[in-house]
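Some notes on the structure that comes next.
Values in this text are rule-based calculations from the coordinates and carry no lab data. Here the structure is a predicted model, which is why all the values come from computation and not from measurement. Cβ sites come from the backbone with ideal geometry, for glycine too, and all protein chains shown count toward neighbours.
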Amino acid sequence: MTRFLTYRTFMLLFLFGFLQFETRVSADTPAEVPPGKLVDVGGRKLHLYCTGKGSPTVILESGAGSFAIDWALVQPEVAKTTRVCSYDRAGYGWSDPGPEEDTVEQVTHDLETAMRSAGEHPPYVLVGQSIGGLFVRWYQHEHSQ
């Protein structure tokens, strides 16, 4: 029993120290400047990063826990031939938190609103990675002609 308490005490102290370090680093480190722009989606902002020219516009939808920076190697290559946009879903990267946690309805509504607010226009080609595939399928379902 004593061994368990010692291990538990060690883990609690380690966790407390780690949290203190994280707080200190976060407070001392200036926030990075987002590569794209923050667009209004109804009282909160989403980070949207669009590059290239042409049509259709390719929208890159990240996987679970990911955000726009994960497309850093893909986006410049796609931008050589057409317009391409990546973005941070609500609560990820540089985007403000949303009212819900990544429901398909909320994500697709946010994406549509962000694209409209930024002046981006269809047609879109949607590319989804991991759970992003679910979001782009729902977007297509909601916006089919």
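Roughly speaking, what % of Cα-Cα pairs in the range 37-142 are separated by over 22 Å, rounded to a whole number? When every Cα pair of the range 37-142 is considered, 20 percent fall beyond 22 Å. Summing charges over neighbours of residue 99, with a neighbour being any other residue whose Cβ is under 13 Å away from its Cβ, gives -4 when K and R count +1 and D and E count -1. Think of each Lys and Arg Cβ as +1 and each Asp and Glu Cβ as -1; about the Cα centre, that makes the dipole of the range 57-145 roughly 400 debye. With a Förster radius of 35 Å applied to the C-beta separation of residue 134 and residue 81, the computed FRET efficiency comes to 0.85. State the antiparallel share, in %, of DSSP beta bridges confined to the range 37-142, rounding to the nearest 5. Rounded to the nearest five, the antiparallel share is 50 percent.
Annotation: amide H of residue 91 within the under-5 Å range of 96, 98, sequence separation 5 or more or interchain, hydrogens built in the peptide plane. Among the GluC sites (Glu not before Pro) found in the range 28-125, those both in a DSSP coil and sparsely packed, with 14 or fewer other Cβ atoms within 10 Å of their Cβ, are 32, 100, 101. Each label was represented as a point 7 Å from its Cα along the Cα-to-Cβ direction; for residue 120 and residue 101 these points are 2.6 nm apart. For the range 78-130, the Cβ-based charge dipole about the Cα centre amounts to some 460 debye (Lys, Arg positive; Asp, Glu negative; other atoms uncharged).
Close amide H contacts of residue 58 (hydrogens built in the peptide plane, cut-off under 5 Å, sequence separation of 5 or more or a different chain): 83, 84, 85, 125. The spacing between the range 76-95 and the range 102-145, judged by their C-alpha centroids, is 12 Å.
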